[in-house]
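**Student:** Below: one structure in structure tokens.
Values in this text are rule-based calculations from the coordinates and carry no lab data. Predicted model, so just to flag it, every value in this text is computed and none were measured. Note: ideal-geometry Cβ built from the backbone for every residue, glycine included; neighbour counts use all protein chains shown.
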Amino acid sequence: MLFEPINIGSIGVPNRFVRSATHEWMAEPDGTPTSRINDLYEELARNEVGLIITGYAYVDKKGKSDDLQLGIYDDKFIRSYKEIVLRVHEHGSKIVLQIAHGGRQTMITDDNPYTLAPSAVIETVKGMVPKELTKKEVLKIIEDFSQAVRRAKEAGFDGAQLHCAHGFLLSSFLSPYTNRRKDRWGGSTEKRTQVVLDIISRARELVGEDYPILVKLNVTDGFKNNMHRYTLDAPESIEIAKILANNGICAVEVSGGITEAGEELFRTKIDSLEKEAYYREYAKMIKEQVDIPVILVGGIRSKQVMEMLLKEEYADMISLCRPLIAEPDLVMKLRKGETEVAKCVSCNMCSDENGIKCNYDFTG
């Protein structure tokens, strides 16, 4: 099943492998993609990764999360992205642009002295209290995301993915831990999901009903031992997935964790089959409730587990991040039977501000 095609809305993907969005530290300071990013994506496509999801691109200058992050806040980027899309399509792979706003995790600069969030809930890692968004600011963010979807379509991307995970802005709207609002965009599960529905609705006005819009969804904030009374987890995250599936989202990528939950975002020492696919149970519960493809990310390393996840209907597609940094040709190796498990040891040394790359010494 790993090498069978699948449809995500109107996207025909040649196999079940997904390159999960990964910050590359390879854009220009203003967010323009560089030739290094072009080469990286083309290498993944040449090595048979069926669907490539780009590193997160910020939709507004005040939503930038990291240095050398991709941007999509202006039409000036469309031309540069067109080249990326053409190079990926030459090899038969599909490519989706992930779009995001940093929210509570936005970079603080002289031009941007504070972060924005649904509510003024302290971000405990940096000890910062964000500014609560006004109604006018929420409406602007909805428009920013919608225009980013339009730009993705005009650049030729096969779809756009809304980043609703990992504590970034849309994730913060979904979670009761970070969203304490009492208006249209806060309160019940449905109301906390409303900002995403508003983006979908406005984007559809710009790109039509058939253009694929995906989500990367936090299924848990990741806090342990009931650390907080109000936090996102099952069964509420399953209900959110259902709401999104019923309102035009064509695939959901299951992920989890925010920075305040510690190691949850990038777990280390995944050295056994039991530690792999740590969000599998969430994915299975969502898959039982929706009629769209479910993509699973999180510590997947071995062909045995990948096949099990598809066969036992935990997910429809396998999403990989760190393994494809260590081995861009991993999918081809798996297809040819040259390996049964990724060599990635989950050390997180690939998070390199000079550009993502595997820095682990396999000879030692």
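**Student:** Go ahead and estimate [θ] at 222 nm for the chain from helices alone: -39,500 (n - 2.57) per DSSP H run with n ≥ 4, summed, over the residue count, rounded to 500.
**Tutor:** -9000 deg cm²/dmol
**Student:** In which sequence would Met285, Met1 go, from the one with the fewest C-beta neighbours within 10 Å to the one with the most?
**Tutor:** Sorted ascending by nearby Cβ count, the order is Met1, Met285.
**Student:** Report Rg(Cα)/(2.2 N^0.38 Å) for the range 1-77, keeping two decimals.
**Tutor:** 1.24
**Student:** Another question, then. What is the fewest-to-most order of Cys250, Cys164 by other Cβ atoms lying within 10 Å of their Cβ?
**Tutor:** Least crowded to most crowded, the residues run Cys250, Cys164.
**Student:** Which FRET efficiency value, to the nearest 0.05, is calculated for Val341 and Ser10 with the Förster distance at 30 angstrom and r the Cβ-Cβ distance?
**Tutor:** Approximately 0.35, to the nearest 0.05.
**Student:** Lys and Arg at +1, Asp and Glu at -1: add these up for the other residues within a Cβ distance under 15 Å of Asp183 and post the number.
**Tutor:** +4
**Student:** Comparing Ser35, Ser237, Ser172, which has the greatest mean-square fluctuation in the GNM of the chain with Cα pairs linked when under 10 Å apart?
**Tutor:** Most flexible of the set in this elastic network: Ser35.
**Student:** Taking R0 as 41 Å, what FRET efficiency do you get between Met332 and Lys61 from their Cβ-Cβ distance, rounded to the nearest 0.05?
**Tutor:** Working from the Cβ atoms, E equals 0.60.
**Student:** Rounded to the nearest 5, what is the percent of antiparallel bridges among the DSSP beta bridges in the chain?
**Tutor:** Roughly 15 percent of the DSSP beta bridges within the chain come out antiparallel.
**Student:** Further question on the same structure: Please check: in the Gaussian network model of the chain (C-alpha springs, under 10 Å), which one of Glu143, Glu24, Glu42 has the largest mean-square fluctuation.
**Tutor:** Comparing Glu143, Glu24, Glu42 in the GNM, the peak value goes to Glu143.
**Student:** Quick check: convex hull over the Cα atoms of the range 93-152, volume per residue in Å³, rounded to an integer?
**Tutor:** 118
**Student:** Just going by the charge dipole of the chain, with Lys and Arg at +1 and Asp and Glu at -1 on Cβ, which of Ile37, Ile240, Val18 is farthest out on the positive end?
**Tutor:** Ile240
**Student:** Counting other beta carbons within 10 Å of each residue's own, what order do His166, His91, His23 fall into, fewest first?
**Tutor:** His91, His23, His166
**Student:** Let me ask you something else. Can you find, among Pro323, Ala57, Leu217, the residue sitting farthest towards the positive end of the charge dipole of the chain, where Lys and Arg contribute +1 and Asp and Glu -1 at Cβ?
**Tutor:** Among Pro323, Ala57, Leu217, the one farthest towards the positive end of the dipole of the chain is Leu217.
**Student:** Note down the Stokes-Einstein diffusion coefficient of the chain in µm²/s, whole number, using a Kirkwood radius over alpha carbon pairs, 25 °C, and 0.890 mPa s.
**Tutor:** 121
**Student:** What does the charge dipole of the range 6-336 about its Cα centre add up to, to the nearest 20 debye, if the Cβ of each Lys and Arg holds +1 and the Cβ of each Asp and Glu holds -1?
**Tutor:** In debye, rounded to 20, the range 6-336 gives about 340.
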